[in-house]
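First the structure, in the form of structure tokens, and then the observations on it.
The values are calculated or read from the model by the stated rules, or taken from the named source; none is laboratory data. These numbers come from a predicted model, not from an experiment. Methodologically, a virtual Cβ is constructed for each residue, glycine included, from the backbone with ideal geometry; neighbour enumeration extends over all protein chains shown. Side chains are part of the model used for accessible areas, which takes the heavy atoms of the whole protein and leaves out ligands, DNA and RNA. Shrake-Rupley method; radii C 1.70, N 1.55, O 1.52, S 1.80 Å.
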Amino acid sequence: MRKIRITQQVVCSIVFILFSLLTKAQSYNISGSIKTSDGKPAAQVNIQLKEIKKSTVSTEDGSYTIQNIQPGNYTLIASFVGLQTIQQKISVTPIQKTFDFTLVENQNELKEVLIISARNSNEKAVSIGKLPIKPMDLPQSVVTIDKDVLERQQNLRLSEVLANTTGIYVMGTTGGGQEELAGRGYSYSSSNTFKNGARFNNSTMPEISALEKVEVLKGSAAILFGNVAAGGVINLVTKKPRFENGGSISFRAGSNSFYKPSIDIYGPLNSSKKIAYRVNTSYENSKSFRDVVKAERFYINPSFLFKLGNRTEILLEGDFLKDNRTSDFGSGAINYEIADIPRSRFLGAGWSYLHAEQRSVSVTTTHRINDKWQIRNLTSYQKYSNDLYGTSRPNASGQFVKTDGTWARGLQRSGNEEKYAITQFDLTGNFNTGKIAHTLLIGADADKYITDSRAYAYSNPAIGNKNIYDTINIFDLDKYQQRTDIPTITPTTLTHTPTTRYGVYIQDLISVTSKIKLLAGIRYSVQESNGAYIDSVTSHGRTSIDNISNNAFSPRVGIVYQPTKTVSLFTSYSNSFDLNSGTDIYLNPLAPSFINQYEAGVKTELFSKVLAANVTVYKILNSNLAQTALLDANGNANNNNKIKELAGEVESKGLEIDVTTKPIYGVQIIAGYSYNQTKYVKSNTYMKGSKLRYNPEHTANLSLYYTFSNRTVLKGFNMGITSYYVGKRVAGRSTRINVVNDTYKLFSIPDYVQVDASAGYSFEKISLRLKLSNLFNQLSYYIHDDNSVNPIAPRQASATFSFRL
């Protein structure tokens, strides 16, 4: 492993510069809270300092902050449609920096509210970006989906939430217990999924009832998080404690005996308002449109906020999910064609199960050094485990579904336990060098995975110890007698894999002028896997796995040009890396694959920021893709799949268009379109130009939501539709160019448009929402290889009753 060597003089210089910057604080952050006349927090209120045109919007708890204000006298304007506008003279001094206000109803308001105060998509900074950068200043595509969208669309799964995000799609639902998400041709695996800023195992469908918002940072995020895929990262942000009492109780019921009660309560723990809490919990029980299949989930998310003085706060968050369901691998393809069987038909053993349990705890400490500088630490621990046992997926282990539908079912079982810990420190601040403004991030992180994977083997002594449980016919389940017993199956191996990662990074947003901004930075990462082994349960022997150590630099640079305050043109380059298993032809550990990404686009805010319209183009090139080597070092045919070479090249390129509006005349719109093409440009294994599987070339989304005016007889009613188009994809197995008469081939998955309709009514503290999903009963599939073909859900109905505490 290469070490970073910094001389004593450089260290002293850095310390001196930081000290100078920290001690030269000549401006301040002013803050406060806004309440309505009934004492409740006023969210989305516009706050502006008239003389310098600086503004912000109050958050959900009514608080606001305006940064970098020089001492002096100002006129503060607080406005919200339907409430009286406040204009008040304030004096900002080193002592006085907090200003609270109460807004009252405006008796002279207009008969019809044209636009209510809200933020468009280009005004919502993402916390996953670590720096407080406005999307208009960021040379990268970002999306934030707020809780208002989650609630009015009555989303149940993360895939439904992300249907509002251009270019994000489901690749597969292998086993029925997870949603394999992807974007720009790359999977959003557990390494690319975060919860409150810490990596989060998404092998089980995340619970979204406790989410405040979902953030998507598209493109490379390697500079911030190290080894993440090039498509982007997702951050799930849970609801936070609040210093006023409140909450809600809800009950949802729907098709297939579905029911789900949920509770959300929050408030202060003491009269001094130094400690606040929040608890979200839910229970879910359902059958399925699939015969036999059922599921049960329990979730709880407690959190506590401790305010230690005016500058320091500690957020403690817990998370627990237990998910038990029937394992369902769908049907298999027959000769690379989807089998024509009823959508509801379940082909596994009725006792097949998938049990998963996930728990985590995190502590986030934030300390404001002064009005310009802040240091933040996130420390988190997570434990995830699952146990899968049931009939194997169709076409697995050589047991293919025959043309007449006959299938000899085998058994499969696996168990995994993953322990994950991370700590990261981020120092952020603002300073000037002359007339050039800087927003700086300096950080370091370290994390560790310990994964234990159990493998099992089943052999049936009645048929020569083959892995065959019984035989069925997928077209006629009554043709053969199915077994119902649960055989004892013995473990064979335990694979222990520890992985440790370290990283240091620096990034600076440089405002060269008011119109030109430069974002530049670099990260150095080290990843090691030492002490891995495989234990044989049967022979009681242990095989050590070679130690692996890799390091990589991840640079990033982007330029933003803003000809006006409502238009941003940007271009950027970033680099990420992907670690490879196996060895090269000389039996040395295989080097990482480096992935280059180029992105350009325009972000606009039109019609007084009512509408945001963004266009992004990108190109991702992995020119060092690891593939099985054809020959070994001696020029002989390679019969060892562990010997690989960086001989492949994959190109992903595309276009994304996003359009969102603030509510206007009661109507709000979220719309988008994406084009993506991901294919092999060079390969020693697959045909040049062949597409990577599961990735649609075209996706589109359109959501319309309408709220009736408070001055009509339909006051309290709202309605909306959410539509999502997924284009054709390919599944199966890519044709190999080095295999004579290769039987592998790809086959097409049909495109589809899913439309969901919702309606709701609210009166005082009570609300009722109705939803019809897949309104037109469209049929398509999620497919893995050719052996897990799962149909999408048909038309289903649900209703949710809520009471605000």
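Let me check something: with ligands and nucleic acids excluded, how do V739, V293 order by accessible area (1.4 Å probe), largest to smallest?
So, going from the largest accessible area down, we get V739, V293.
Please determine, in degrees from 0 to 90 and to the nearest 10, the orientation of helix 8-23 with respect to the longest principal axis defined by the Cα atoms of the chain, where the helix direction is its Cα long axis.
50
Evaluate the distance, in nm, between pseudo-label points positioned 7 Å from the Cα of A421 and of D387 along their respective Cα→Cβ axes.
About 2.6 nm separates the two model spin labels.
Report the calculated FRET efficiency for Y283 and S397 (r = Cβ-Cβ distance, R0 = 41 Å), to the nearest 0.05.
After rounding, the FRET efficiency stands at 0.65.
Net charge near Y705, counting Lys/Arg +1 and Asp/Glu -1 over other residues with Cβ under 10 Å of its Cβ?
Cβ neighbours under 10 Å give a net charge of 0.
Which residues does the label zone of K134 cover in region 494-525, counting backbone N under 12 Å from a point 7 Å along Cα→Cβ?
514-515
Apply 1/(1 + (r/R0)^6) to the Cβ-Cβ distance of I766 and K273, taking R0 = 22 Å, and write down the FRET efficiency to the nearest 0.05.
0.15
Using protein chains only and a probe of 1.4 angstrom, how many square angstrom of M719 are accessible, to the nearest 10?
90
Could you order Y665, Y673 so the one with the most accessible surface comes first? Probe is 1.4 Å.
Sorted by accessible area, descending: Y665, Y673.
Once Rh is set to the Kirkwood radius over Cα pairs, what Stokes-Einstein translational diffusion coefficient, in µm²/s, holds for region 644-782 at a temperature of 10 °C and a viscosity of 1.306 mPa s?
Translational diffusion coefficient: 86 µm²/s.
Cβ neighbours within 10 Å, averaged per peptide: list 796-805, 726-735 in order, most packed at the top.
Ranked from most to least packed, the peptides come out as 726-735, 796-805.
For the chain, what's the relative contact order in percent, using C-alpha pairs closer than 8 Å and at least 6 residues apart? Present the calculation step by step, with values, prior to reporting the outcome.
Details: 2231 pairs, mean separation 82.5, N = 805.
Relative contact order of the chain: 10 percent.
Using Cα pairs closer than 8 Å and at least 6 residues apart in sequence, work out the relative contact order for region 240-344, in percent. Could the numbers behind the result be given before it?
On the way: 220 pairs, mean separation 20.9, N = 105.
Reported relative contact order: 20 percent.
Determine which lysines satisfy two conditions relative to K644: a Cα distance under 16 Å, and not lying fewer than 8 residues away in the same chain.
In chain and number order, the partners are K682.
Can you spot the aspartates and glutamates whose alpha carbon is less than 14 Å from K130's alpha carbon? Ignore those fewer than 8 places along the same chain.
E215, D426, D445, D508
Taking Rh as the Kirkwood radius computed over C-alpha pairs, what is the Stokes-Einstein D of region 501-563 at 25 °C in a medium of viscosity 0.890 mPa s, expressed in µm² per second?
Estimated diffusion coefficient is 159 µm²/s.
Given region 554-639, report the % of alpha carbon pairs whose separation exceeds 22 Å.
Values: 1920 of 3655 pairs.
That fraction is 53 percent.
Hey, rough spin-label estimate for Y573 and T497, points 7 angstrom out along Cα→Cβ, what's it come to in nanometres?
Using points 7 Å along Cα→Cβ, the separation is 3.3 nm.
What three numbers, in Å, describe the spread of the alpha carbons of region 311-457 along their principal axes, ordered from the longest?
78, 32, 26
Hey, any idea what % of the chain's accessible area is carbon plus sulfur with a 1.4 Å probe?
Summing carbon and sulfur atoms, their accessible area is 56 percent of the total for the chain.
In whole angstrom, how far apart do the alpha carbon centroids of region 680-738 and region 467-489 sit?
For region 680-738 versus region 467-489, the Cα centre distance is 36 Å.
Could you list, bin by bin from short to long, the percent of Cα-Cα pairs of the chain in 10 Å steps?
Taking every Cα pair in the chain, the percentages come to 2, 11, 21, 26, 20, 11, 5, 2, 0, 0.
List residues of region 562-590, by number, whose backbone nitrogen lies under 15 Å from a label position 7 Å along Cα→C-beta of N634.
Of the residues in region 562-590, 585-587 have backbone N under 15 Å from the label point off N634.
Can you give the log10 of the normalised intensity I(q)/I(0) at q = 0.14, 0.22 Å⁻¹, computed with Debye over equal Cα scatterers of region 423-501?
-0.76, -1.06
How large is Rg/Rh for region 628-725, to two decimals, with Cα atoms and a Kirkwood Rh?
When Rh is taken as the Kirkwood radius, the ratio is 1.39.
In Å, what is the Rg of the alpha-carbon atoms in region 280-332, and how long is Dmax?
18.8, 61
Between I545 and V753, what is the spin-label point distance in nm, taking each point 7 Å from the Cα along the Cα→C-beta axis?
In this crude spin-label approximation the distance works out to 4.7 nm.
On full extension of the chain, what length is gained from N465 through K682, given 0.36 nm per residue of separation minus the C-alpha to C-alpha distance?
Working: separation 217, 0.36 × 217 = 78.12 nm, distance 4.28 nm.
Working it through step by step, the gained length comes to 73.8 nm.
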